[in-house]
1. Could you grab me the full set of residues in the range A:29-64 that are exposed (fewer than 11 other Cβ atoms within 10 Å of the Cβ) and more than 11 Å from the chain's Cα centre (by Cα)?
2. Those residues that are buried (at least 17 other Cβ atoms within 10 Å of the Cβ) and farther than 20 Å from A:TRP17 by Cα, I need them from the range B:59-92; list them, please.
3. Looking at A:ALA27, A:ALA23, which one is under 23 Å from B:VAL91 (Cα atoms), within 11 Å of chain B (Cβ to nearest Cβ), among the aliphatic types (A, V, I, L, M) and in a loop (DSSP other than H, G, I, E, B)?
4. Might you let me know whether the range B:53-76 holds any residue that is at pLDDT 90 or above, more than 13 Å from every other protein chain (Cβ to nearest Cβ) and more than 18 Å from the chain's Cα centre (by Cα)?
5. Take B:VAL47 and tell me if it is free of Cβ contacts under 8 Å to residues at least 60 places away in the same chain and within 14 Å of chain A (Cβ to nearest Cβ).
6. Evaluate the range B:132-155: report whether one residue or more is part of a loop (DSSP other than H, G, I, E, B) and either of a type in the set (Asp, Glu) or buried (at least 19 other Cβ atoms within 10 Å of the Cβ) (or both).
7. May I ask you to list the residues in the range A:43-102 that are of a type in the set (S, T, N, Q) and in contact (Cβ under 8 Å) with a residue 40 or more places away in the chain?
8. Pick out the one residue from A:CYS142, A:CYS109 that is part of a loop (DSSP other than H, G, I, E, B), surrounded by 13 or more Cβ atoms within 10 Å (Cβ to Cβ) and over 21 Å from the mean Cα position of the chain (by Cα).
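The values are calculated or read from the model by the stated rules, or taken from the named source; none is laboratory data. Just so you know, these numbers come straight off a predicted model, no measurement behind them. Here the Cβ positions follow ideal geometry from the backbone for every residue, glycine too, while neighbour counts run over all protein chains shown.
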Amino acid sequence: MFVATLVLTALGLLLGWLLGLAARVFAVEENPIVNEVEALLPGSQCGQCGFPGCSAAAEAMVEGNAAVNCCPPGGRALTESLAELLNIDLNSLGDAPVPQLATIDETLCTGCTKCYKACPTDAIVGATRQIHAVISKACTGCSKCKDVCPEDCISLNPEPLTLNTWHWTKPEAA
Amino acid sequence: MDYLLLFIGTVLVNNIVLVKFLGLCPLMGVSNNLSAAFGMGLATTFVLTLSALASWIIEHLLLVPLHIEFLRILSFILIIAAVVQFTEAVVRKTSPLLHKNLGVFLPLITTNCAVLGVALLNVREEYSLVQSLVFGMGSALGFSIVMVIFAGLRERIAMANVPATFAGTPVSLVTAGLLSLVFMGFSGMI
């Protein structure tokens, strides 16, 4: 009885020690907040922030290598929620890149469907040899369609000012 | 030659999944997708081989000399759990994607009865260290082969027009039964 208890205890301790060692050797640096930040980001992997994708951008934001307002598709709303999550003062940030919207010049579009296939958010509607159109609510301005367009008929412009997009300008420095 | 016979015998004739019916949980759970099934086969191969080896060492260096064979199942489960934890740490480090694909089925290798079954069969058949190792590897290879074959079959069945009564798990179980019949055909080969 005593031997059995002793053997099991020793076995447990030894295996536990080995596992602890393995956990240290094979440790994966994982920051739970990175996942939270990534969940907030649009997830269209557009790369406008300069990182290969949203998860890389999330990592950089948590480490402080990227500003929370570097994501143009997310806009102001995303910047505000990220700043709250990461406890960053919004006033300390510089001007954010303005969200861009793609527009298709109907006089040049041949209906080749290349932009429509490249769009990560399905914001372009159209069919073969039909003129395509952009759904502005879904467009994140990632410029992927612009790069593939053989007719060069897509342009990226800042969102037109409407009641929904207008906000107070920052007070000018004295 | 004996080892080769034992190996082929365990892989095909006495296949751990389809002839001995051990480890059916991952067979049903992770066979939706060929690459996940392959990863599961690899992870289980690693665990099975290592635990067959470790359990033999525990059995012959600890349990038998101290006459505490009644602790066999308990200590084997302890070893298997530790090996699975180790495998999970390795998989998470080396292939995060595979780790995500396997999900909960990776820690569930602990309760895969094939792993404990092989350890206990090694004791019952009174295998030597090398024989246990060959038996463990053979069982693991048999398991992986069946996983991959079954996942391939299920990927095709997913495209087929299955009657509503049989759609989903029932048709998978029927397929597993047919596959088991195929493997039973190997009996008498050795």
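1. Within the range A:29-64, A:GLU29, A:GLU30, A:PRO32, A:GLU63, A:GLY64 meet the criteria.
2. Residues satisfying the conditions are B:GLU59, B:LEU63, B:ILE68, B:LEU71, B:ARG72.
3. Values: A:ALA23 fails: in a loop (DSSP other than H, G, I, E, B).
Result: A:ALA27 is the single residue among A:ALA27, A:ALA23 that is under 23 Å from B:VAL91 (Cα atoms), within 11 Å of chain B (Cβ to nearest Cβ), among the aliphatic types (A, V, I, L, M) and in a loop (DSSP other than H, G, I, E, B).
4. Yes, there is a match, as at least one residue in the range B:53-76 is at pLDDT 90 or above, more than 13 Å from every other protein chain (Cβ to nearest Cβ) and more than 18 Å from the chain's Cα centre (by Cα).
5. Working: free of Cβ contacts under 8 Å to residues at least 60 places away in the same chain: no; within 14 Å of chain A (Cβ to nearest Cβ): yes.
So B:VAL47 fails the test.
6. First, the residues of the range B:132-155 that are part of a loop (DSSP other than H, G, I, E, B): none.
Within the range B:132-155, none of the residues are part of a loop (DSSP other than H, G, I, E, B) and either of a type in the set (Asp, Glu) or buried (at least 19 other Cβ atoms within 10 Å of the Cβ) (or both).
7. Listed by number, the residues that qualify are A:SER44, A:GLN45, A:GLN48, A:SER81, A:GLN100.
8. Result of the check over A:CYS142, A:CYS109: A:CYS109.
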